[in-house]
Amino acid sequence: MPMLLRTLAVRVRYIGAATAAFAALALSACESILDVDFPGRIPTEQLDDPTLAPVLVLSVIGDFECAFANYAFTTSLQSDEFESSAVLPVLTVWGERNLAADEESYSGGSCTNGFGLQVPMHTARYQANDVYRRLQGWSDPQVNNRSTAMATVRAYGAYTYLFFGETYCSVAFDRGPEQPPSAALAIAEQQFTEAVTLAQQANATDILQLARTGLARVKLDLKKWTEVAAPAQQVTSGYETLTQRGAENTRRNNQLFRMANQQGSYTVANALRNLNDPRVLVANANRTSSLPGVPLWITTKYPALDSPNRLASYREAQLSLAEALAQQGQVADAMTILNTRRAQVGLLALTAANQAEAVANVIEERRRELSFESGYRLNDLLRYRLSWKVGTSPFTVRPYGTTSCWPMPTRERAGA
């Protein structure tokens, strides 16, 4: 975390949306944000005080981390990484592909229940845009390291648009029209680009790495294969950005640990249990899940409620580069990236006879390397139209539904 932000990190870590008192007015059908119980708020009349810039920037990070905890959790459930092992039907819709547009926890829930997406995501998105606008209006003498602050806010804000674009069936922002998810990706691309420029100006290395990793990812989503290498190749070995979690309240919890490891409502899918790959951190918990007689398998990637989630990393950037190379027919170069990493963890080299095999290898390697992280697997399922869970859920013994991307919430369309 840049020095500008680190000094106030502890004091304001739990601040909710600093602009929550009026942010909802700009959200498309998200007035329920006003019902969210934020641990702390900055009075509205103080929001134009430049001396509060570090606090506002940290509130952007805090709101993003709140939304991202739920996003990382629910994308793992919606994809084929987990299966439902819950008793309550309200919990099983996520692992059984039965998420409906009027599902209350999805459309109206907050960060405290683990399933809220619409309100936390729009809160984080609006907060980032609003604070960025305020920073633009202040001068450098008024705000120390203003470029670093602006780069930070822009990068985290870009990730909210990236996630909307990767997993929603359609999007709408600031009471605007319903649009295809590519509209969100276009905004993400623009904001990541701006974050890169600002971070370079400020020599803010960590934020620059974060923005470059996100930029490479969104260019993959937009199939701009030839433009992926520029940001991806500049992400340095060993880089990663972690989002912080805490055990003191559910808003700060690692939701995957809480709902899967701790409550046993979700168990690791059979396909990931015996891969003999040191990157796929799973284990038999040696106890039953919520469903009697169903063994609980967990991911050991998150061993506690306060285990951080990884948002971006060098490993991700390398996989983005490998995919882009494979898509351009540079099979040997793509396989070199994959096999260099496999050698590091003691796995045999892969081969690919053609472009299609190389791309398939990248998808599988990403499934393993970035398992249970920030929506990569769900994004790949959607982008490449891979086989979904079909038939009957193995543990609840109910038919899978047809949900793939997340539907526009009914209350969003109704403007309620």
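The values are calculated or read from the model by the stated rules, or taken from the named source; none is laboratory data. Every value quoted in this text rests on a predicted model; they were computed, and no experiment measured them. Backbone-built Cβ (ideal geometry, glycine too); neighbour counts: all protein chains shown.
You will find that of 194, 189, 227, 166, the residue that is touching a Gly at 6+ places or on another chain (Cβ under 8 Å) and either assigned by TED's automatic domain parsing to the domain that holds residue 376 or crowded, with 24+ Cβ neighbours inside 10 Å (or both) is 166 and no other. Before we move on, is residue 370 under 23 Å from the mean Cα position of the chain (by Cα), buried (at least 22 other Cβ atoms within 10 Å of the Cβ), modelled with pLDDT of 95 or more and not assigned by TED's automatic domain parsing to the domain that holds residue 273? So residue 370 does not fit the description; no. Any residue at all in segment 258-266 that's in the same structural domain as residue 150 (by TED's automatic domain parsing), out of contact with any Lys or Arg (no Cβ under 9 Å at 6 or more places or on another chain) and aromatic (Phe, Trp, Tyr)? Taking every residue of segment 258-266 in turn, none turns out to be in the same structural domain as residue 150 (by TED's automatic domain parsing), out of contact with any Lys or Arg (no Cβ under 9 Å at 6 or more places or on another chain) and aromatic (Phe, Trp, Tyr). Within segment 167-195, the only residue that satisfies the criterion of being among the charged types (D, E, K, R) and under 10 Å from residue 218 (Cα atoms) is 189.
Look at segment 67-115 and say how many of its residues are under 17 Å from residue 294 (Cβ atoms) and either among the aliphatic types (A, V, I, L, M) or in contact with a Cys (Cβ under 7 Å, 6 or more places away or on another chain) (or both). Residues meeting the conditions: 5.
Quick grid of which residues meet (1) out of contact with any strand residue (DSSP E or B) (no Cβ under 7 Å at 6 or more places or on another chain); (2) β-branched (Val, Ile, Thr); (3) not in a loop (DSSP other than H, G, I, E, B):
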{"position": "312", "(1), (2), (3)": "no, no, yes"}
{"position": "317", "(1), (2), (3)": "yes, no, yes"}
{"position": "329", "(1), (2), (3)": "yes, no, no"}
{"position": "339", "(1), (2), (3)": "yes, no, yes"}
{"position": "343", "(1), (2), (3)": "yes, no, yes"}
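Matching residues to (1) touching a Gly at 6+ places or on another chain (Cβ under 7 Å); (2) without any contact (Cβ under 8 Å) to a residue 24 or more places away in the chain:
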{"site": "86", "(1), (2)": "no, no"}
{"site": "97", "(1), (2)": "yes, no"}
{"site": "111", "(1), (2)": "no, no"}
{"site": "115", "(1), (2)": "yes, no"}
{"site": "121", "(1), (2)": "no, no"}
{"site": "125", "(1), (2)": "yes, no"}
{"site": "128", "(1), (2)": "yes, no"}
{"site": "131", "(1), (2)": "no, no"}
{"site": "141", "(1), (2)": "no, yes"}
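Hey, any hits in segment 310-323 for a residue that's more than 28 Å from residue 66 (Cα to Cα), among the aliphatic types (A, V, I, L, M) and modelled with pLDDT of 95 or more? Looking through segment 310-323, at least one residue is more than 28 Å from residue 66 (Cα to Cα), among the aliphatic types (A, V, I, L, M) and modelled with pLDDT of 95 or more. Taking helices (runs of 4 or more DSSP H) as the structural unit, those lying wholly within segment 142-228 and holding at least 1 residues that are among the basic types (Lys, Arg) correspond to 146-167, 205-221.
Go through 128, 149 for me and flag whichever is among the aliphatic types (A, V, I, L, M) and closer than 30 Å to residue 259 by Cα.
Residue meeting the stated conditions: 128.
Residue 260 meets the conditions (1) hydrophobic (A, V, I, L, M, F, W, C); (2) at pLDDT 95 or above; (3) within 24 Å of residue 97 (Cα to Cα) in every case but one. The failed one is (2). Looking only at segment 391-416, residues that are at pLDDT below 90 and either part of a loop (DSSP other than H, G, I, E, B) or of a type in the set (Lys, Arg) (or both) come to 4 in all. For segment 282-313: of the residues being in contact with a Gly (Cβ under 6 Å, 6 or more places away or on another chain) and of a type in the set (S, T, N, Q), which is surrounded by the most Cβ atoms within 10 Å (Cβ to Cβ)? Across segment 282-313, the extreme among qualifying residues is 289. Residues in segment 66-82 that are acidic (Asp, Glu) and either surrounded by fewer than 24 Cβ atoms within 10 Å (Cβ to Cβ) or out of contact with any helix residue (DSSP H, G or I) (no Cβ under 9 Å at 6 or more places or on another chain) (or both): 80 only. Within segment 265-279, the set of residues being surrounded by fewer than 21 Cβ atoms within 10 Å (Cβ to Cβ) and assigned to a loop (DSSP other than H, G, I, E, B) comprises 269, 273, 274, 275, 276, 277, 278, 279. Pairs linking a residue in segment 329-355 that is in the same structural domain as residue 317 (by TED's automatic domain parsing) to a residue that is loosely packed, with under 14 Cβ neighbours inside 10 Å and of a type outside the set (Gly, Ala, Ser), with Cβ atoms under 6 Å and 6 or more positions apart or on different chains, are 345/278.
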